[in-house]
Amino acid sequence: MTVQKPSILLITTDEQHRDTVYREDMPYCLPAIRSLMDRSEVYEETYSASPVCLPARCTFMTGLAPHRTGCISNNFGATLPQQLPNLFTCLKQAGYTSSMHGKCHFAPCPYPAVRPYLTQGYETFLTYYRSLGMDHLDLQDDKNITMWYYDDCSIDMEKQGILAPYREAFVTRRTVGELPDYPLPADTHPDSWTGRKALEYLEQCSADQPHFMWVSFSGPHYPMDVPSEYMDRVNMDRDIPREYRDGEWDDESKHNRMGYFGTGPCTEGSGNAPDGAQKNFDECYWRRWRQKYYANIVQIDDWIGRIVDKARAIWGDNLAIVFTSDHGDMMGNHSLWGKNSALYDDVLRVPLLVSRPGQKCGVRIKQRVSSCDVFPTILELGGCRLPERLDGIPLSTETVGHRVIFSSCEGRVAVLDGMMKLCLNAVGFEYREGARIYRELYDLSRDPHEYINVYDDPGYREIREHLECLAQNEPYLLRTVFRSETDRPYWFNAGTGSGYEFQNLP
C-alpha cells in the first residue's frame, strides 16, 4: 500500500512578537495556538532573517537570506526572482496542489503612488504573484494595501460598499496620536476575510490529494484596526510591563534614538507620534495600542482554530502544520512600536511551531534556529529534493541549530554569535549626505533587553572584531551595489530591472 504524502498547512502572521505566543502570563487566551503547541515542536529561539515583511517572506519562499536574493526591502530592491525554486514550485514537482490565502508581499510596494482618498489598481501584482507557481490565490496583501490598492479583499469590500469607510477611518481621516476603532462588522475585517477564504477553499479539498496551503494573516501588523468585540477578551489589568529604561535614549550611539526623539526615520510608530517623536506617547496610548495588538492576535487565533479543525477533518493525522510570523514588533518596549530598522530581539525573534503528521505531544527545542529553516523543513515534510544552495536546514528534534545568525534589511545588519549581537549599517547606506554611521554591540547574557551599547568598550574589542569579520566575510551582506553614490531608495515595479542593482548574486 502506497503511503499518501502528508498535506501541509503553513500559517503565518505579520509582525507578531514571540512573547505573545510563548509567555503564559499574557492578558488573554489563545486556545487554538496553545492546542497546536501541545502537539508541536516548539522552537523557543527562532530568529527572522529580516525585521521587515518582504525580505522575511521571500526567505520563507526560498530558504535564502535577503542579501542572497536582493530582496532586501519593502519598497526597493528586487522582487522575488521567478527563476528561484520556491515553496510552490518545489512542492508542485513533488505532486502537491497548492493555495495561498492572505498576504504575499513578494514585490516592493509602490508607496510613493499611494493616495489617501482612493484605492488604485493592483493587477500587475496579482499577475506576478500567480506566476510564482501557486494553483489558487486569495490575495489580501496587507491591511494598508487593501485600503490603497485593489487586491482581492478590497475588491470584495468595494462590492459590499464598505471599502470607503474602512479607508476613511484609517487613511483619509487618520489623526496623529489617535487609534481609531474598526467601523464595520467583525466578519468584514481583512483578517476575517483571509480566514473565511481559507475555510471556503478547504471545502473543495479531498483526503486523496496532498495539498500545500499557506494561510497568511496580515495582522497583528498595524493599523491597529481590530474589531471592538475582541477588545473585551483582553484583560489589560493583567498586562505584562513594557521593557524600557528611563534615560536609555540619552546614548547618541543608538540608531533608534531618531525614532524616540523624532529626529529622523525609525520604526513606523514615529509616523503616528506627535512631532514624529515616540517619546510623546503617554501610558494611556501605550495601554490602548497594546490592547488592540493583543486583541487582533485573539481574533486571528479564532480563525486558526477553525482552519486547523477543518483541515484535520479532511486529512486527519496525515497533516503537517507550521506556524510562525515574519518578524516581531517593538510592542512599546524601549518606548517604540513598529520594526523597520530596529534590530532588537523584540523584532528579530519570532514564534515557530512545527506539528508533524500524527504528532500528539509538544517538544520544547532550545537550539537557535532561523526563519531560513522554514523552507527546507516544509520541503522535507513533503518529500521534496532540496535545492543545492540554501541558508536554512531542515528542522527536527535533533537539530543542532545555528551558532551564527544574520538578519538584515534596508541598510541595517545584525550579526549574532552566541550571546553577542552586533548591529551595523550596510556600506551603501553610508553614502547618503549627512548620514550617520551607527555601530552597536550588545551582550545578551548580561543585558538581555539590549540597553547598553558596548561597541566602544575595550573589554569587548576582541568579540567586536570577530563579529565584524563574520559580517565582512559573508558575501553581499554588507554591500548594496549602487549605480552611483548619489542613488536613493525608490520603488521598482514587479518584474522590471530598475532600482538598485544587485550584481553577480549567486
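The values are calculated or read from the model by the stated rules, or taken from the named source; none is laboratory data. Remember, it's a predicted structure, so these values are computed and weren't measured experimentally. Note that each Cβ is placed from the backbone with ideal geometry, even for glycine, and that neighbours are counted across all protein chains shown. Side chains included, ligands, DNA and RNA excluded: accessible areas come from the protein's heavy atoms. Shrake-Rupley method; radii C 1.70, N 1.55, O 1.52, S 1.80 Å.
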In the set Ile304, Ile300, which member is touching a Pro at 6+ places or on another chain (Cβ under 8 Å), closer than 16 Å to Val226 by Cβ and surrounded by 19 or more Cβ atoms within 10 Å (Cβ to Cβ)? Ile300
Name, by its number, the condition in (1) in a loop (DSSP other than H, G, I, E, B); (2) without any contact (Cβ under 8 Å) to a residue 40 or more places away in the chain that does not hold for Tyr438. (2)
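Would it be correct to say that Ala107 is over 26 Å from Gln204 (Cβ atoms), open to solvent by less than 10 Å² (accessible area, probe 1.4 Å), of a type in the set (Gly, Ala, Ser) and in contact (Cβ under 8 Å) with a residue 40 or more places away in the chain? Show your work before the answer.
Working: over 26 Å from Gln204 (Cβ atoms): yes; open to solvent by less than 10 Å² (accessible area, probe 1.4 Å): yes; of a type in the set (Gly, Ala, Ser): yes; in contact (Cβ under 8 Å) with a residue 40 or more places away in the chain: yes.
Judged against the criteria, Ala107 is a match.
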I need the full set of residues from segment 338-388 which are on the phi > 0 side of the Ramachandran plot and either open to solvent by less than 10 Å² (accessible area, probe 1.4 Å) or touching a helix residue (DSSP H, G or I) at 6+ places or on another chain (Cβ under 9 Å) (or both), in order please. Gly338, Asn340
Within segment 339-351, does at least one residue satisfy the condition of being part of a helix (DSSP H, G or I), in contact with a strand residue (DSSP E or B) (Cβ under 9 Å, 6 or more places away or on another chain), more than 26 Å from Asp239 (Cα to Cα) and modelled with pLDDT of 95 or more? no
With the requirement that a residue be charged (D, E, K, R) and in a helix (DSSP H, G or I), what does segment 238-271 give you? Arg238, Glu248, Asp250, Arg257, Glu268
Only one residue in Arg245, Arg257, Arg287 is open to solvent by 50 Å² or more (accessible area, probe 1.4 Å) and modelled with pLDDT under 95, so which one is that? Arg257
Pairs under 7 Å by beta carbon, first residue under 19 Å from Glu15 (Cα atoms) and touching a residue at least 40 places away in the same chain (Cβ under 8 Å) in segment 135-149, partner buried (at least 21 other Cβ atoms within 10 Å of the Cβ) and among the hydroxyl-bearing types (Ser, Thr, Tyr), six or more apart or different chains? Gln140/Thr146; Gln140/Thr194; Gln140/Ser218; Asp142/Ser218; Lys143/Ser218; Thr146/Ser154
Restricting attention to segment 375-384, does a residue exist that is within 25 Å of Asp14 (Cα to Cα) and part of a strand (DSSP E or B)? no
Please enumerate the residues belonging to segment 154-181 that are more than 16 Å from Val226 (Cα to Cα) and surrounded by 21 or more Cβ atoms within 10 Å (Cβ to Cβ). Ser154, Met157
At least 1 residues that are open to solvent by less than 10 Å² (accessible area, probe 1.4 Å), of a type in the set (Val, Ile, Thr) and at pLDDT 95 or above in each: list the helices (runs of 4 or more DSSP H) lying fully within segment 24-100 that qualify. 31-37, 53-62
Please pick out the residue among Pro220, Pro190 that is modelled with pLDDT of 95 or more, within 30 Å of Arg412 (Cα to Cα), open to solvent by less than 10 Å² (accessible area, probe 1.4 Å) and in contact with a helix residue (DSSP H, G or I) (Cβ under 9 Å, 6 or more places away or on another chain). Pro220
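A quick yes/no check of all residues on (1) touching a residue at least 24 places away in the same chain (Cβ under 8 Å); (2) polar (S, T, N, Q); (3) within 15 Å of Thr46 (Cα to Cα):
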| site | (1), (2), (3) |
| --- | --- |
| Asp317 | yes, no, no |
| Ala320 | yes, no, no |
| Phe323 | yes, no, yes |
| Met331 | yes, no, no |
| Tyr344 | yes, no, yes |
| Cys361 | yes, no, no |
| Lys366 | yes, no, yes |
| Ser370 | yes, yes, yes |
| Val374 | yes, no, yes |
Scope segment 196-210; condition closer than 20 Å to Phe88 by Cα and either part of a loop (DSSP other than H, G, I, E, B) or open to solvent by less than 10 Å² (accessible area, probe 1.4 Å) (or both); matching residues: Ala198, Leu202, Gln204, Cys205, Ser206, Ala207, Asp208, Gln209, Pro210
Residue check, Leu478 against (1) at pLDDT 95 or above; (2) open to solvent by less than 30 Å² (accessible area, probe 1.4 Å); (3) assigned to a loop (DSSP other than H, G, I, E, B), all met but one. Which one? (1)
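Could you tell me which residue of segment 223-237 is most open to solvent (accessible area, probe 1.4 Å), considering only residues that are among the charged types (D, E, K, R), assigned to a helix (DSSP H, G or I) and in contact (Cβ under 8 Å) with a residue 24 or more places away in the chain? Give the derivation first.
Going residue by residue through segment 223-237, those that are among the charged types (D, E, K, R) are 225, 229, 232-233, 237.
So of that shortlist, the ones also assigned to a helix (DSSP H, G or I) come out as 229, 232-233, 237.
Cutting the leftovers down to in contact (Cβ under 8 Å) with a residue 24 or more places away in the chain gives us 229, 233, 237.
Working: Glu229: 110, Arg233: 104, Asp237: 131 Å².
Looking at residues that are among the charged types (D, E, K, R), assigned to a helix (DSSP H, G or I) and in contact (Cβ under 8 Å) with a residue 24 or more places away in the chain, I get Asp237.
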The lone condition Met147 fails out of (1) open to solvent by less than 10 Å² (accessible area, probe 1.4 Å); (2) in a helix (DSSP H, G or I); (3) closer than 20 Å to Pro55 by Cα is (3)
